[in-house]
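These notes are about the structure you will find just below.
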Amino acid sequence: MEKAFGTALAPAPSAKKGAARVALVELKESSRYLLTECFRQFGIETVLVSSSAAERLRQEKFEACVLNLAPGAEKIMESARTSASNSRLVLYGLGGSAHEAMRYSKYGINAMFQEPLERPAALKLVRATHMLVLHEFRRYVRIPIMTEVTVVSNDGRRISASSLELSSGGMSLKSSEDVSTGMNVEISFSLLTLPRVNVRGAVTWRKTKSFGLRFDPTDTNRQKVKEWIDAYLES
């Protein structure tokens, strides 16, 4: 078993040509082993990055990256997002809450592994996002991404939320504040290379601490979201 993990965590030269690779940045051993097992189920290689992470993510191509949201994480995320080869990589955060992850929202964290890391939850998240890592973009019409979203209802009430998934037709959001199905709202958010945009929409479903929003098809700002998604999927 140790030999198998050693192969999976080997540096770039041992990876199969063309294989999707995930950088595991300065993770503790137990987390590396668990995530290696999860990604390997979907044919995805993992590469241990324990030093010079910012430099490697600037120069070396990866399809995804998992890193702790700890001091120093911002420098690594900025290096990846400003790299010509990794600007659109799938970025996973590890540890902390979704609220804490909002500190890094300008870097477009796609999804969060919660600590303590448990296999069922980790495997569920990898299964939900692995098609993005494998570049099966056209089958994946929703992009998981976390950013701060301001929601304003027709009566002027402001609601704080964070995005969960985004498509050209709408968005799912996380919020503990009260919203009702059918409520018309306007949302405001920004994403990586997408400057802040306002889009009208309506709440289509509501669950505990989350709700779904469908964009108003007559709102011309919806086209800006669609263009950003097309660029994200094609890069």
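Summary table
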{"item": "DSSP beta bridge pairing in the chain, given as percent antiparallel to the nearest 5", "result": "65 percent"}
{"item": "Most fluctuating residue given options R222, R119, R88, as computed from a GNM of the chain linking Cα atoms under 10 Å", "result": "R119"}
{"item": "Residue-averaged 222 nm ellipticity for the chain, from DSSP H runs of 4+ at -39500 (n - 2.57), nearest 500", "result": "-8000 deg cm²/dmol"}
{"item": "Qualifying aspartates and glutamates (Cα of each under 20 Å from Cα of K124; at least 8 residues distant if same chain)", "result": "E37, E45, E63, E115, E136, E165"}
{"item": "Extreme residue, positive dipole direction of the chain, given options P144, M131, S176 (C-beta unit charges)", "result": "M131"}
{"item": "Spatial separation of Cα centroids for the range 108-138 and the range 45-67, in angstrom", "result": "17 Å"}
{"item": "Theoretical FRET efficiency, 1/(1+(r/R0)^6), r = Cβ-Cβ of E100 and D219, R0 30 Å, to 0.05", "result": "0.40"}
{"item": "Point-charge dipole on Cβ atoms (K/R +1, D/E -1) for the chain, about Cα centre, debye to 20", "result": "360 debye"}
{"item": "Overall dimensions of the chain by Cα: Rg and Dmax, Å", "result": "18.2, 61"}
{"item": "Gaussian network model of the chain, springs between alpha carbon atoms under 10 Å - residue of Y107, Y92, Y33 with greatest fluctuation", "result": "Y33"}
{"item": "Candidates K28, K224, K106, ranked by Gaussian network fluctuation over the chain, Cα under 10 Å, top entry", "result": "K28"}
{"item": "Percent of beta bridges antiparallel (DSSP, the range 29-159, rounded to nearest 5)", "result": "25 percent"}
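Each reported figure results from applying straightforward, stated rules to the coordinates on display, with no laboratory input. Predicted model, so just to flag it, every value in this text is computed and none were measured. When we count neighbours, we look across all protein chains shown, and the Cβ atoms used for this are built from the backbone with ideal geometry, even at glycine.
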